[in-house]
Amino acid sequence: MKKIKFGRRKVVPSKIVCVGRNYVEHIEELGNEIPENLVIFLKPNSAIAEDLHAFHEEPLHYEGELSFLFEDGRFSAVGFGLDLTKRELQSRLKVKGLPWERAKAFDGSVVFSPFVAIEDIPPSLTVELDIDGTNVQTGTIALMMYKPATILAEISTFMTLEDGDIVMTGTPQGVGVVNAGQVYAGRVKIGEKVLTEGVWQAK
């Protein structure tokens, strides 16, 4: 089973619960409709990777996200997650009204920074993604349609979260194609303080 880093511990998530279409500007950039309800999909433990790949049967797209570790009935830690998507395949599946898992849940479809403990989740909590030193994505909780507390409450109405599970809360605008050789640096911040960061060179 794949593991993520939380302080000095290594944690095994049984699953990754992902929120789609949670930032209005990202919805608009992909030409999607604003959903009436929270959009949820899953990634299995086998989706977690240490290396960032640019290709898996087709070019992959990056989506930087605030990601939360669930323990003891609450979000106990935060990390940066890079959700990887087979965009062409996802578009074909959406047109046919089919599930997204083939485009979202494949092996190696997510990489995570180390997670750090949090006591509360301020609206100013920010996710950032740079490519080769240039910022391409920035988003705060204040910009989310569904805030973390609402997401957790909604998931809990129909699914049991186990200690160690991860919830990814959606991506802000600025998604694009992963190019081999580029360096991707994702971080979580409060104000100018960096809480955690992950850096990967795409292969």
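In region 134-201, what chymotrypsin sites (Phe, Trp or Tyr not before Pro) fall in a loop by DSSP, with at most 15 other Cβ atoms inside 10 Å?
Values: sites: Y146, F158, Y184, W200; in loops: Y146, F158.
Answer in residue order: F158.
Taking the simple approach of a point 7 Å from Cα along Cα-to-Cβ for both V12 and E88, what is their distance in nm?
3.7
Please report M144, M159, M1 as a ranked list, fewest other C-beta atoms within 10 angstrom at the top and most at the bottom. Could the numbers behind the result be given before it?
Values: M144 21, M159 12, M1 9.
With the sparsest Cβ surroundings first, the list reads M1, M159, M144.
Could you tell me the calculated FRET efficiency between D120 and Q182, based on Cβ-Cβ distance and R0 = 41 angstrom, to the nearest 0.05?
Details: r = 35 Å, r/R0 = 0.84.
Calculated value: 0.75.
Starting from the 7 Å offset along Cα-to-Cβ, what nm value, one decimal, do you get for the label separation of K203 and K2?
1.3
Just to confirm the filter: which GluC sites (Glu not before Pro) across region 118-203 are DSSP coil and have at most 16 other Cβ within 10 angstrom of their Cβ?
Numbers: sites: E119, E128, E154, E162, E192, E197; in loops: E119, E162, E192.
Filter output for region 118-203: E119, E162, E192.
Among [x] -0.58, -0.72; [y] -0.53, -0.74; [z] -0.36, -0.54, find the value of log10 I(q)/I(0) by the Debye sum over Cα atoms at q = 0.10, 0.12 Å⁻¹ that was calculated from the structure presented, and write down its label.
Answer by label: [z].
Since every read-out is calculated from the coordinates, none of them should be taken as a lab result. Nothing here was measured: the structure is a model prediction, and the numbers come from that model. Here the Cβ is made from the backbone with ideal geometry for all residues, glycine too, and neighbour counts use every protein chain on show.
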